[in-house]
Amino acid sequence: MSVKYNWQSYNFLLLIIILQVILCFSVYVNLPIARVGISFLYLMFVPGFAIMKLLKLENLDIEEKALFSLGLSLTFLMLISLFINEIGKLIFTKPLSPNLLLPSINIAVLLISFLTTKDSSSLSIPQLNRFEKLFLILLITTFLILGSYGTFMVIISGNSLFLLLLIIACATTTIMPFISEKVHNKLYTPILLAISFSIIFFASGTFIVKHISGTGDGPIEFYAFRLTEKKGFWDSAATFSSYAWNIFPTYSMLSVTILPMPFSAFTGADSSLLFNLIYPFIVAFLILGVYKLYQTQTENKVAFLAAFFFFTISVGKGFGSYKQQIAQLLYILLFLLLFKKDVSLSKKSILFIIFSVGLVISHYALTYIFLFTILLAYLILGLIDGAKAGYFSLNQKRIPITLVVIFLTVAFSWYIFVNASAAFNLISEEISTITENLGQFFNVESRGTALQGLGLIETPTIYHQISTALFIITEFLIIVGFLELVISKKRESQYSREYIVIATINMAIIALNILLPRLADTLLMSRFYQTTLIILAPLAVLGGETVIKYIPKIKIQKLDLPILAIIIFIPLFLFQTGFVYELARVRNFSFALSMYRWDEIEIYRYFTNLREVSSAQWLSRNINISNTFVYSDIASQFNVLTGYGMIERGRVRILSNITRPNSGEFAYLASLNLIGEGRIFNIDEVSFLIEENCKVYSNGECELYKCP
C-alpha cells in the first residue's frame with residue numbers, strides 16, 4: 001500500500017525557491033557541514049527531479065524516480081557546465097568559477113521548475129506498518145553505529161572488529177527476506193541501499209582514505225580535473241606534449257573533468273573530499289539500479305538476490321575508474337529504459353537521448369560495449385521478427401530504430417568532433433593488438449587477464465581456494481541459467497525476448513574475451529565480467545534454481561532461494577569483502593580490514609599522506625614543472641606527483657644508482673625513502689644528492705633536491 005502526495009501546480013516551484021534560498025544562505029554564509037550536505041544533495045537530485053516533472057513521468061515508482069533523477073541530474077550538470085564553459089570563455093577567463101556556475105545552475109533549475117507549473121502531479125510513497133518502521137530504524141542505526149565507530153577505530157588503532165561486525169550485519173540482513181515473511185518486498189530497496197552504502201563508505205575504507213591514490217586511473221583522472229580547476233575552464237581543443245601520453249582520452253571525459261566543478265563551486269569542499277564523496281555515492285545506487293532492472297524480468301526475491309550477487313562481485317573486482325563509475329549508472333538506466341514497457345515512446349526517446357549523451361561523455365569503453373550490444377540486439381531481433389513475417393523490417397517495437405540511431409549519432413559526433421578521435425584511435429590500436437596476436441590463439445598465456453578475471457588462477461591458501469571455488473560455481477550457475485533461459489519452453493512467461501537476446505550477446509562478450517588473445521587486456525577481464533553481470537546476474541539465480549529443481553528425490557524447490565543465499569551467495573560475499581581472510585589472518589586486499597598487517601611498501605604504493613601531498617604541491621607551485629624533469633620512485637610517479645604535483649608522467653623519471661639528474665633537475669624523496677629505511681630504492685644509492693647539500697625543500701617526511 002502506498003500514500004499518494006499530490007503536487008499542486010505551483011507547489012513544486014515554491015519548494016524549489018525555498019530550497020535555493022536555503023542553499024544560497026549556506027553557501028554565502030559558508031556554514032561548513034550544512035553547505036556541503038545541502039549543496040551535495042541538491043545537485044544530486046533536484047535538477048533531475050525537475051526534469052522528470054517537466055517530462056510528466058508518472059509511471060515510475062519512488063525508487064525509479066530516485067534513480068532517474070540521479071542520472072538526469074548528473075547529465076544535466078555535465079551539459080550545463082559544458083554550455084557555460086563554451087559560452088562563458090568567450091567573455092570570461094574562468095567561466096567555471098563559482099560566481100558563474102552557482103547562479104547559472106540555479107536559474108536553469110528555476111526555469112525548468114517554472115515550466116512544470118501548468119500541470120499537477122503526484123508522488124506515491126510506500127506506507128510502512130509499525131514493524132517495518134522499527135526494522136528500518138534499527139537497521140540504519142545499527143549500520144551507522146558499526147560503520148562510523150568501526151572507521152574511527154581503524155583510523156586510530158587499526159582495529160577492524162566493528163567493521164567485521166558490520167559485514168556480518170549486512171550478510172544477516174540479506175538472508176531475512178528469504179526466511180521471514182514479515183520482511184515485505186517494499187523493504188528490499190532500503191535493505192539493498194543500506195548494505196551498499198555501508199560496504200562502500202565504511203567497510204571499503206572510503207572514509208579512511210583522505211587523498212586520491214592507488215594503482216589505477218584515479219590519480220590521472222584527478223590530474224585531469226585539477227587541470228580544469230586550475231585553469232577555470234575546460235579546453236576542448238587542448239593539446240598536450242608527448243610527456244603527457246596518458247592524459248587522453250581521460251581529459252575528454254566530462255565525468256571527471258567538468259562534473260566535479262559545480263560540486264566544488266557549491267560546496268567549497270577540498271577536491272580530494274569531493275572525489276571521495278561524489279563517486280562512491282553514485283556507486284552506492286548501482287545496486288538499486290540493477291534491482292529495478294531485474295524486476296522488469298523476474299520476481300522480487302530473485303531480483304533482490306541477483307542484485308546482491310552483482311554487488312558482491314563488484315566489491316571484490318572493483319567498480320572501475322571514477323569515469324566508469326558514473327558511466328555504469330547511465331549504462332544501467334539505458335537498459336532499464338529499454339526493458340520498461342510503461343513509458344511512452346516519445347518520453348523514452350527523450351530520456352534515451354539524455355542518458356546516451358551522459359554515457360558517451362562519461363566513458364568511452366562502456367559506450368562501445370553498449371553500442372555493440374544495442375546494435376547487434378536490434379539486428380538479431382529484426383531477423384527473428386523478419387523470419388516470422390517473411391521479410392526484414394527496420395521498424396520494430398522492442399528496440400526502436402530511433403533509439404539505435406540516436407545513440408550512434410551522439411557517440412560518433414562527440415568522439416569525432418570533440419574528442420579529436422582519441423577514443424577511436426584507442427579502439428583502433430586495441431583491434432590491431434588483437435589481430436597481431438591471433439597467431440597466439442592456442443597459447444594460454446596470451447589470454448592475459450581473462451583467466452585471472454574469471455578466477456581461473458592458482459591461489460596461495462585454502463581460503464583463497466574456497467573463494468575461487470565459490471566464484472567458479474557462480475559462473476557455472478550463470479551458464480546453467482543461460483541454457484535454461486534459451487532452451488526452456490516456459491521462458492516467455494518471465495523473461496522478455498529482448499532480454500534473452502541481450503543476455504546472449506553478453507555471454508558472447510565473455511566468450512570472446514576468453515577466445516581472442518589480448519582482448520581481455522583492453523578493459524581488464526574483471527571489468528568485462530562485472531559489466532556483463534549487469535545483465536547476466538539473474539541467470540546465476542536461475543541456474544541455481546534449475547540445479548535444485550533437478551536434484552532427484554528431494555523436494556526443496558520452495559526453499560531454493562534461501563538455500564542459494566545461505567550456501568552460495570552469502571559465503572561469496574564474506575570472501576569478496578575480505579571478512580574470511582581477516583578472520584583467518586591471511587593476505588587480504590581490504591585495507592579497511594587488514595591495513596594494520598600491510599607492510600610499509602604496500603601502504604606506500606596505495607596511499608598518499610598529507611606530507612607527500614604538501615611537498616608535491618610545493619613542487620608544482622615553485623618550479624616550472626612543464627620545462628624540467630623530476631626523479632623519484634615509481635609509486636610517487638604514478639600517485640602523488642601526478643595527482644597533486646600535476647607533473648606530466650613522462651617528466652618523472654625513476655631514480656636509482658645508475659641515474660643521475662642533470663644540472664637544474666630535481667629529485668623527490670618521499671616519506672618511505674627517508675624515514676622508512678630507504679625502501680623502494682636505497683637512500684645510499686642517491687647519497688650524492690645529500691653529500692652535495694642541494695636540498696631545496698623538506699617537511700620532515702619528504703625532501704626535494706636540485707642537482708647543481
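The values are calculated or read from the model by the stated rules, or taken from the named source; none is laboratory data. All of these numbers come straight from a predicted model, not from anything done at the bench. FYI the Cβ positions are ideal-geometry reconstructions off the backbone, even for glycines, and counts take in every protein chain you see.
Just a few scattered comments:
- Which numbered condition Phe12 misses (of (1) modelled with pLDDT under 95; (2) surrounded by fewer than 16 Cβ atoms within 10 Å (Cβ to Cβ); (3) more than 27 Å from the chain's Cα centre (by Cα); (4) under 29 Å from Pro190 (Cα atoms)): (2)
A quick yes/no check of all residues on (1) in a helix (DSSP H, G or I); (2) over 27 Å from Pro177 (Cα atoms); (3) acidic (Asp, Glu):
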position	(1), (2), (3)
Leu293	yes, no, no
Phe308	yes, no, no
Phe311	yes, no, no
Val315	yes, no, no
Phe319	no, no, no
Tyr331	yes, yes, no
Leu336	yes, no, no
Val343	no, yes, no
Ile354	yes, yes, no
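- As a summary of the residue check, Ile551 satisfies the conditions (1) assigned to a helix (DSSP H, G or I); (2) of a type outside the set (Lys, Arg); (3) under 28 Å from Thr298 (Cβ atoms) except for the one numbered (1).
- Restricting Thr312, Thr296 to residues that are under 18 Å from Tyr495 (Cα atoms) and of a type in the set (Val, Ile, Thr) narrows the list to Thr296.
- Among the residues of region 83-101, those identified as crowded, with 19+ Cβ neighbours inside 10 Å and in contact (Cβ under 8 Å) with a residue 40 or more places away in the chain are Asn85, Gly88, Pro95, Leu96, Leu101.
- Scanning region 621-642 for residues that are part of a helix (DSSP H, G or I) and buried (at least 19 other Cβ atoms within 10 Å of the Cβ) yields Ala635, Ser636, Gln637, Phe638, Val640, Leu641, Thr642.
- Filter pass, Leu110 being surrounded by 13 or more Cβ atoms within 10 Å (Cβ to Cβ), assigned by TED's automatic domain parsing to the domain that holds Met261, more than 17 Å from Thr257 (Cα to Cα) and among the aliphatic types (A, V, I, L, M): yes
- Of the helices (runs of 4 or more DSSP H) lying entirely inside region 170-276, the ones with 3 or more residues being of a type outside the set (S, T, N, Q) and at pLDDT 90 or above are found at 188-198, 218-231, 260-267.
- Verdict on Tyr378 being free of Cβ contacts under 8 Å to residues at least 12 places away in the same chain and more than 19 Å from Lys292 (Cβ to Cβ): no
- Within region 287-306, residues that are buried (at least 24 other Cβ atoms within 10 Å of the Cβ) sit with their Cβ atoms under 8 Å from residues that are outside any helix (DSSP H, G or I), at 6+ positions apart or across chains, in these pairs: Ala303/Gln297; Ala306/Thr298.
- Residue in region 591-605 that is in contact (Cβ under 8 Å) with a residue 24 or more places away in the chain, within 23 Å of Ser632 (Cα to Cα) and crowded, with 17+ Cβ neighbours inside 10 Å present: yes
- Residue count for region 373-391, restricted to those that are more than 24 Å from Ile535 (Cα to Cα) and surrounded by 13 or more Cβ atoms within 10 Å (Cβ to Cβ): 1
One line per residue, one yes/no per condition, for (1) outside any helix (DSSP H, G or I); (2) at pLDDT 95 or above; (3) out of contact with any Cys (no Cβ under 6 Å at 6 or more places or on another chain):
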{"position": "Ser69", "(1), (2), (3)": "no, yes, yes"}
{"position": "Ile84", "(1), (2), (3)": "no, yes, yes"}
{"position": "Ile91", "(1), (2), (3)": "yes, no, yes"}
{"position": "Ala108", "(1), (2), (3)": "no, yes, yes"}
{"position": "Thr116", "(1), (2), (3)": "no, no, yes"}
{"position": "Phe131", "(1), (2), (3)": "no, no, yes"}
{"position": "Ile140", "(1), (2), (3)": "no, yes, yes"}
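- Of Phe40, Phe68, all but one fail to be of a type in the set (Phe, Trp, Tyr), closer than 18 Å to Leu192 by Cβ, assigned by TED's automatic domain parsing to the domain that holds Leu334 and in contact (Cβ under 8 Å) with a residue 60 or more places away in the chain; the exception is Phe68.
- Screening Ser632, Ser620 for residues that are closer than 30 Å to Leu227 by Cβ, hydroxyl-bearing (Ser, Thr, Tyr) and touching a strand residue (DSSP E or B) at 6+ places or on another chain (Cβ under 8 Å) leaves exactly one candidate, Ser632.
- Pairs, first of a type in the set (Lys, Arg) in region 390-404, second assigned to a loop (DSSP other than H, G, I, E, B), C-beta under 9 Å, six or more apart: Arg398/Ser496
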